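Reading through the structure tokens given below for one structure.
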Amino acid sequence: MNSNSLIELDRAHLIHPVASYRGHEKLGVRVLASAKGATVTDASGRQLVDGFAGLWCVNAGFGHETIVEAAAKQMRELPYATAYFGLGSEPAIRLASELAERAPGDLNHVYFTLGGSDAIDSTIRFIRYYWIARREPQRDQFISVEQGYHGSSTAGAGLTALPAFHTGFGIPFDWQHKISSHYAYRNPVGDDPQAIIAASLTALRRKVEEIGPERVAAFYAEPIQGSGGVLVPPRGWMKAMRELCRELGILFVADEVITGFGRTGPLFASTEDEIVPDFITTAKGLTSGYVPMGAVFMADHIYQTIADGAGASAIGHGYTYSAHPVSAAVGLEVLKLYENGLLENGVKAGARLMGGLESLRDHPLVGDVRGRGMLAAIELVIDKANKTPLPAAAEPARRIFDRAWENGLVIRAFANGVLGYAPPLCCSETEIEAIIERTRQTLDETLEDPDVRQALKT
Ligand code: PLP
């Protein structure tokens, strides 16, 4: 089928996630045809370096025969097994145990989902169950961080703090609260790490006080805020917040859907942050995006409380595809790859990526460079002293994405002029260099954008 007819079929029938439906109808889809390593090829044969690993998920890179084989073998042997009725499958059991062995502290219990949104949704349900089992049912209030992203399930989208996920949906609910982000580049307290940490601690204390300390169930945070624009907290931020939650007697959830599985270096960013949360949520890199799967890691004390609370009764939370054997077989193979050189390569490539992006700091449009490992961003401004964002008239999300695409690079361009990077961990030195050079070219072209020039003049 040629790509023109695909574009028409797409326009007529496929609803795209997080898109303006009218805008998409106008622009049409770009069809991807194949991929290998860190290179994707579109339907017209154009090859691009994927600087975003799909949607921050193809950590292992594309086209790994051993992953394909693991999935095919499992499909032949046992393509589906329910985990209901006390049944199970070998790959799911093995993957849970391998992961529990590597997870921080006593996060020994693993609940497999289909992705990140239902992992978050599962934690909300487990946390409510936990507090009811503890005979504190009034603890039904949840706190998260401005600019945070926790998926788009009905409950999770209200913990998400990005307007597009709320507007028109009637959320957040009144039990969902936010504190301001650590966003160092635009923080009212300035960029001093200790001041930022102190401000967040005060904000959380105040919020808990305001809600009523006996009513708060849990606090959610990402080790690095991804969809909010790759906002990296100062070192020690997660640890300080975790310790405060313990002091306040509320549960702490580290949402590692992006940061898990080597994105920032180790398998879990929580290890780097030296914390043991009550829950960790993961997805994406768990299967490297080859098949859908997420995982909730639950601390031992939570598991025991929930289990005792229910006694002989069933805990009514589950999906047909919970602990899917094909996804688990893929997860086991991907885990092997991480530990046989991929994590190590990611650390080296991440240092190159950060070095390369730092070298763009002197570009007239680059206001900030931030990141950790293979998760990074640059923030574009038209005036470095005043940190004035690119004008909306320059349509940063669309035009910069398009220019990068024309230059053979896939990146994420946010509406506020932040460019996000999350390349596959398998990237070679040459591929990282290509990402940087193509970014430079894209920035030079953006400088020539009439709407940017106009803003620069005024
Ligand atoms: N949590 C975080 C931190 C995420 O970045 C995402 C997705 O990007 C999610 C949750 C939701 O995951 P999914 O898109 O797999 O539902």
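The values are calculated or read from the model by the stated rules, or taken from the named source; none is laboratory data. Remember, it's a predicted structure, so these values are computed and weren't measured experimentally. Glycine also receives a Cβ, built like all others from the backbone with ideal geometry; neighbour counts cover every protein chain displayed.
So if I check each of ASP106, ASP118, ASP174, ASP191, which one is more than 16 Å from the ligand (Cβ to nearest atom) and touching a residue at least 60 places away in the same chain (Cβ under 8 Å)?
Only one candidate qualifies: ASP106.
Hey, ALA217 hits all of (1) within 28 Å of TYR319 (Cα to Cα); (2) within 13 Å of the ligand (Cβ to nearest atom) but one; which does it fall short on?
If we test ALA217 against (1) within 28 Å of TYR319 (Cα to Cα); (2) within 13 Å of the ligand (Cβ to nearest atom), just (2) comes out false.
Out of the residues in the stretch 246-274 that are assigned to a helix (DSSP H, G or I) and surrounded by 24 or more Cβ atoms within 10 Å (Cβ to Cβ), which is nearest to the ligand (Cβ to nearest atom)?
That would be ALA269.
Could you list all residues from the stretch 165-195 that are closer than 15 Å to SER117 by Cβ and either at pLDDT below 95 or under 18 Å from the mean Cα position of the chain (by Cα) (or both)?
PHE165
Is it true that some residue in the stretch 74-95 is outside any loop (DSSP other than H, G, I, E, B), in contact with a strand residue (DSSP E or B) (Cβ under 9 Å, 6 or more places away or on another chain), surrounded by 15 or more Cβ atoms within 10 Å (Cβ to Cβ) and at positive phi?
Looking only at the stretch 74-95, we keep the residues that are outside any loop (DSSP other than H, G, I, E, B), and these are 74-77, 90-95.
Those still in the list that are in contact with a strand residue (DSSP E or B) (Cβ under 9 Å, 6 or more places away or on another chain) too: 92, 95.
With surrounded by 15 or more Cβ atoms within 10 Å (Cβ to Cβ) added as a condition, the list becomes 92, 95.
Keeping just the survivors that are at positive phi gives none.
Among the residues of the stretch 74-95, not one is outside any loop (DSSP other than H, G, I, E, B), in contact with a strand residue (DSSP E or B) (Cβ under 9 Å, 6 or more places away or on another chain), surrounded by 15 or more Cβ atoms within 10 Å (Cβ to Cβ) and at positive phi, which makes the answer no.
Among (1) within 16 Å of the ligand (Cβ to nearest atom); (2) of a type in the set (Phe, Trp, Tyr); (3) under 20 Å from SER313 (Cα atoms), there is one condition PHE85 misses while meeting the rest; what is its number?
(1)
Here's the yes/no breakdown for (1) modelled with pLDDT under 95; (2) under 22 Å from the mean Cα position of the chain (by Cα); (3) within 15 Å of the ligand (Cβ to nearest atom); (4) not hydroxyl-bearing (Ser, Thr, Tyr):
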| residue | (1), (2), (3), (4) |
| --- | --- |
| THR281 | no, yes, yes, no |
| ALA307 | no, no, no, yes |
| TYR321 | no, yes, yes, no |
| ALA329 | no, no, no, yes |
| VAL347 | no, yes, no, yes |
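Inspect the stretch 235-245 for any residue being farther than 29 Å from ALA100 by Cβ, within 16 Å of the ligand (Cβ to nearest atom) and within 20 Å of the chain's Cα centre (by Cα) and give the result as yes or no.
Within the stretch 235-245, none of the residues are farther than 29 Å from ALA100 by Cβ, within 16 Å of the ligand (Cβ to nearest atom) and within 20 Å of the chain's Cα centre (by Cα).
Within the stretch 133-245, which strands (runs of 3 or more DSSP E) (wholly inside it) include 2 or more residues that are on the phi < 0 side of the Ramachandran plot, in contact with a Cys (Cβ under 9 Å, 6 or more places away or on another chain) and crowded, with 19+ Cβ neighbours inside 10 Å?
So the answer is 216-221.
Hey, SER227 hits all of (1) closer than 22 Å to GLY371 by Cβ; (2) among the hydroxyl-bearing types (Ser, Thr, Tyr); (3) over 19 Å from the mean Cα position of the chain (by Cα) but one; which does it fall short on?
(3)
Determine whether GLU210 is closer than 13 Å to ILE143 by Cα, charged (D, E, K, R), free of Cβ contacts under 8 Å to residues at least 40 places away in the same chain and away from the ligand (no atom under 16 Å from the Cβ).
For GLU210, the condition - closer than 13 Å to ILE143 by Cα, charged (D, E, K, R), free of Cβ contacts under 8 Å to residues at least 40 places away in the same chain and away from the ligand (no atom under 16 Å from the Cβ) - is met.
Quick one: VAL369 ticks every box in (1) under 20 Å from the mean Cα position of the chain (by Cα); (2) hydrophobic (A, V, I, L, M, F, W, C); (3) within 24 Å of VAL40 (Cα to Cα) except a single one, so which number is it?
(3)
Restricting to the stretch 121-149, name every residue that is among the acidic types (Asp, Glu) and within 16 Å of the ligand (Cβ to nearest atom).
Step one: of the stretch 121-149, the residues among the acidic types (Asp, Glu) are 121, 136, 140, 146.
Once the filter is applied, which keeps residues that are among the acidic types (Asp, Glu) and within 16 Å of the ligand (Cβ to nearest atom), the stretch 121-149 yields ASP121, GLU146.
Check SER227, SER288 and return the single one that is within 21 Å of LYS336 (Cα to Cα) and not hydrophobic (A, V, I, L, M, F, W, C).
On the way: SER227 fails: within 21 Å of LYS336 (Cα to Cα).
One residue alone meets the criteria, SER288.
Which condition does ASP140 not pass, out of (1) acidic (Asp, Glu); (2) in contact with a Phe, Trp or Tyr (Cβ under 6 Å, 6 or more places away or on another chain); (3) under 27 Å from VAL418 (Cβ atoms), if it passes all the others?
(3)
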